[in-house]
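*Asks:* Here it is, the structure in full.
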Amino acid sequence: MPFAAEPPVINEAATAFMLIASSMVLLMTPGLALFYGGMTRSKSVLNMMMMSFGAMAVVGIVYVLWGYSMSFGNLQDGGSDIAGIFANPFHLFGLSQLAGEDGARLIDPFGVGVFIPEYIYAGFQLTFAVITVALISGAIADRVKFGTWITFAVIWVTVVYFPIAHMVWGGGLLSGAEGGLSAKLFGVTDGLASVLPIDFAGGTVVHINAGAAGLALALVVGKRLGFGKVAMRPHNLPLVMIGAGLLWFGWFGFNAGSELAADGVASSVWLNTTVATCAAAIGWLVVEKIRDGHATSLGAASGVVAGLVAITPACGALSPVGSIILGVVAGGLSALAVGLKYKFGYDDSLDVVGVHLVAGLWGTVGAGLLATKTGLFYGGGWQQTVLQVLIAVISLVLSFVLTYVIAVALKATLGWRISDDAESEGIDQAVHAESGYEIGGFPASGGRTTRPAISTASQVEGANA
Amino acid sequence: MKLITAIIKPHQLDEVKEALEAFGVAGMTISEASGYGRQRGHSEVYRGAEYTVDFVPKVRLEVLVDDVDSSDVLEVILKAAQTGRIGDGKIWAVPVDEVVRVRTGERGVDAL
């Protein structure tokens, strides 16, 4: 943190921008619920959506209690950092310290003189933690106990997400800080690593992390009954497309918001995010048309997400044309990668690996190739690309191993799977006692009220009398 | 009396209904159905995974008619439902013992 002689002044434009950007990112999780929900079978749509909403509920609270402190508590006011891996979880526990002396203490995370209240910086980061956990749920659709998922969300975000967020964005090992990996490899210039790792908005922290975690979970939890034999086609593609649209909209908050200021970089990020996504949709559809004979709506929606994932780490470093190249490759690669699960026999139900891991890896590495200032293709030498590969692989391995251990521990204690009967009948009714749709237009499916909604004891008595 | 049941392509329904009305049939019942015959199903592709969908959407149309009209009505449906391509469906007629109009309690041919 640069030391300011005069007391810092709030940048109200940036603050307004961050309030909006954070709200947009939060909307991505309900958007993801639609995107995923439409892809499941109709008997498990509610459970799929509840995994996102459940993650939102618990991770939001955990973030305020110890998450922000663990990730960013070291940024100012003498917070400490443990070996570059995570910050002290108790330093800012509960975040009441963010009130500061004037009601809202200010922070300038990039040290560029743009001060925003730390409350909204924490809020912005909170929304990232929420969506990252929610993303993982797509790997284990239709088959896990809700309680185990919620427990997993709390443990995973604490043991895996907060440390990785700290390492990449909180001045830890994978950042450009003086004590980080890059500084050790390529030396230090002016107190920062000579080659700065590029992860603008979370290719490693969010997408590689969620993708690797999804793979580990899919392996530990096991396949859905009938995987590869029974047709498990999406039950509502219009929901999927609405979800993809909401994700795209929210993603502007995610990427442009990561600039933490309404400025030129945020504007270029907006444009790069848009064109990479357009290009990825085309990339996916072209692969489909050639391979399967049809350009599908699910392919368009999936290509959109693959493009958004890939441009996430790179959006601040590329030109618009570079973004188009990055995007079209991302869409094509992911379209090819979603078939791997059948080849290797793991049931990553909604392709968290094929979309988030693959496009996340490509985006992180591709940033090293296509960055206009330091990229290999722009004559910037090989260092950036090597560094990008390193941070990608380290995040992947770290997330995979830690997630695998957590998943095995939960399997041995709470257990992951619902009963085979419940899974065949549909998880919505077994776990949530609800069904997503009233099919056929018969009132209440021919049922009757066996217990009126409980409001007062006398009403219940009256109804039963 | 006869019950005529026709399994037809959903998009032929309007044509069949109009033809039956023009013939003088006063009412009918339809329901959504799924099925396949010699045409078998079709295939769908989701993220590269191909699924065979055997049961394709059909409409099941039921009409109660007097014995004397049975073969004419069957002919009317046949003409209206036929496209000449696979998947046009089937029509059959079965004898009915009794018909009752619920509102009035009329029975037999009066209830048609």
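The values are calculated or read from the model by the stated rules, or taken from the named source; none is laboratory data. Please read these numbers as outputs of a predicted model, since none were measured by experiment. Note that we place each Cβ from the backbone using ideal geometry, even for glycine, and neighbour counts take in every protein chain shown.
*Asks:* Can you name the number of the only condition in (1) within 16 Å of residue A:210 (Cβ to Cβ); (2) within 11 Å of another protein chain (Cβ to nearest Cβ); (3) part of a helix (DSSP H, G or I) that residue A:312 fails?
*Replies:* (2) is the only condition that residue A:312 fails.
*Asks:* Just to be sure I understand the filter: pairs with C-beta atoms under 7 Å, separated by 6 or more residues or on different chains, first member in the stretch A:327-356 and among the acidic types (Asp, Glu) and part of a helix (DSSP H, G or I), second member surrounded by 20 or more Cβ atoms within 10 Å (Cβ to Cβ) and modelled with pLDDT of 95 or more. Which pairs pass?
*Replies:* Note: no pairs meet the criteria.
*Asks:* Next up: Name the residue, out of A:253, A:331, A:307, that is at pLDDT 95 or above, within 14 Å of chain B (Cβ to nearest Cβ) and within 30 Å of residue A:196 (Cα to Cα). Steps first, answer last, please.
*Replies:* On the way: A:253 fails: within 14 Å of chain B (Cβ to nearest Cβ); A:307 fails: within 14 Å of chain B (Cβ to nearest Cβ).
Going through A:253, A:331, A:307 in turn, the sole match is A:331.
*Asks:* Here is a follow-up. Just give me the residues in the stretch B:1-33 being exposed (fewer than 13 other Cβ atoms within 10 Å of the Cβ), touching a residue at least 24 places away in the same chain (Cβ under 8 Å) and closer than 23 Å to residue B:55 by Cβ, in sequence order.
*Replies:* Passing the criteria: B:29, B:31, B:32.
*Asks:* From the list A:53, A:110, pick out the single residue that is hydrophobic (A, V, I, L, M, F, W, C) and within 16 Å of the chain's Cα centre (by Cα). It would help to see each step written out before you state the result.
*Replies:* Values: A:110 fails: within 16 Å of the chain's Cα centre (by Cα).
Every option except A:53 fails the conditions.
*Asks:* Can you find a residue that is of a type in the set (A, V, I, L, M), under 21 Å from residue A:25 (Cβ atoms), touching a residue at least 60 places away in the same chain (Cβ under 8 Å) and surrounded by fewer than 24 Cβ atoms within 10 Å (Cβ to Cβ) anywhere in the stretch A:269-283?
*Replies:* Scanning the stretch A:269-283, I find no residue that is of a type in the set (A, V, I, L, M), under 21 Å from residue A:25 (Cβ atoms), touching a residue at least 60 places away in the same chain (Cβ under 8 Å) and surrounded by fewer than 24 Cβ atoms within 10 Å (Cβ to Cβ), so the answer is no.
*Asks:* Just a yes or no: is a residue in the stretch B:36-45 within 14 Å of another protein chain (Cβ to nearest Cβ), charged (D, E, K, R) and not in a strand (DSSP E or B)? Don't jump to the end; show me each part of the working.
*Replies:* First pass over the stretch B:36-45, keeping only residues within 14 Å of another protein chain (Cβ to nearest Cβ): B:41-45.
Those left that are additionally charged (D, E, K, R): B:44.
Subset that is not in a strand (DSSP E or B): none.
No, the stretch B:36-45 contains no residue that is within 14 Å of another protein chain (Cβ to nearest Cβ), charged (D, E, K, R) and not in a strand (DSSP E or B).
*Asks:* Under the condition of being within 14 Å of chain A (Cβ to nearest Cβ) and assigned to a loop (DSSP other than H, G, I, E, B), which residue from the stretch B:46-72 is nearest to residue A:41 (Cα to Cα)?
*Replies:* B:47
*Asks:* If the Cβ limit is 6 Å and pairs must be 6+ apart or interchain, which residue in the stretch A:213-234 that is away from chain B (no Cβ under 12 Å) and farther than 21 Å from residue A:296 by Cβ pairs with which residue that is aromatic (Phe, Trp, Tyr) and part of a helix (DSSP H, G or I)?
*Replies:* What qualifies is A:216/A:400; A:216/A:404.
*Asks:* Given the criteria part of a helix (DSSP H, G or I), under 30 Å from residue A:44 (Cα atoms) and either modelled with pLDDT under 95 or within 14 Å of chain B (Cβ to nearest Cβ) (or both), does residue A:298 qualify?
*Replies:* Values: part of a helix (DSSP H, G or I): yes; under 30 Å from residue A:44 (Cα atoms): yes; either modelled with pLDDT under 95 or within 14 Å of chain B (Cβ to nearest Cβ) (or both): yes.
It is true that residue A:298 is part of a helix (DSSP H, G or I), under 30 Å from residue A:44 (Cα atoms) and either modelled with pLDDT under 95 or within 14 Å of chain B (Cβ to nearest Cβ) (or both).
*Asks:* If you don't mind, there's one more thing I want to ask. Could you please let me know if residue A:256 is under 30 Å from residue A:11 (Cα atoms) and buried (at least 20 other Cβ atoms within 10 Å of the Cβ)? Full working, then the answer.
*Replies:* Working: under 30 Å from residue A:11 (Cα atoms): yes; buried (at least 20 other Cβ atoms within 10 Å of the Cβ): yes.
Yes; evaluated as a whole, the condition is true for this residue.
*Asks:* Quick check, is residue A:30 outside any helix (DSSP H, G or I) and in contact (Cβ under 8 Å) with a residue 24 or more places away in the chain? Can you show your working first?
*Replies:* Working: outside any helix (DSSP H, G or I): no; in contact (Cβ under 8 Å) with a residue 24 or more places away in the chain: yes.
Considered against the rule, which asks whether it is outside any helix (DSSP H, G or I) and in contact (Cβ under 8 Å) with a residue 24 or more places away in the chain, residue A:30 comes out as no.
*Asks:* Which condition number in (1) within 24 Å of residue A:353 (Cβ to Cβ); (2) more than 14 Å from every other protein chain (Cβ to nearest Cβ); (3) of a type in the set (Val, Ile, Thr) is the one that residue A:240 fails?
*Replies:* So residue A:240 meets the others, but not (2).
*Asks:* Right, next: Could you pull out the residue among A:428, A:421 that is among the charged types (D, E, K, R), without any contact (Cβ under 8 Å) to a residue 12 or more places away in the chain, out of contact with any His (no Cβ under 9 Å at 6 or more places or on another chain) and assigned to a helix (DSSP H, G or I)? If you could, list the steps in order and put the result at the bottom.
*Replies:* Details: A:428 fails: without any contact (Cβ under 8 Å) to a residue 12 or more places away in the chain.
None of the other options fit; the residue is A:421.
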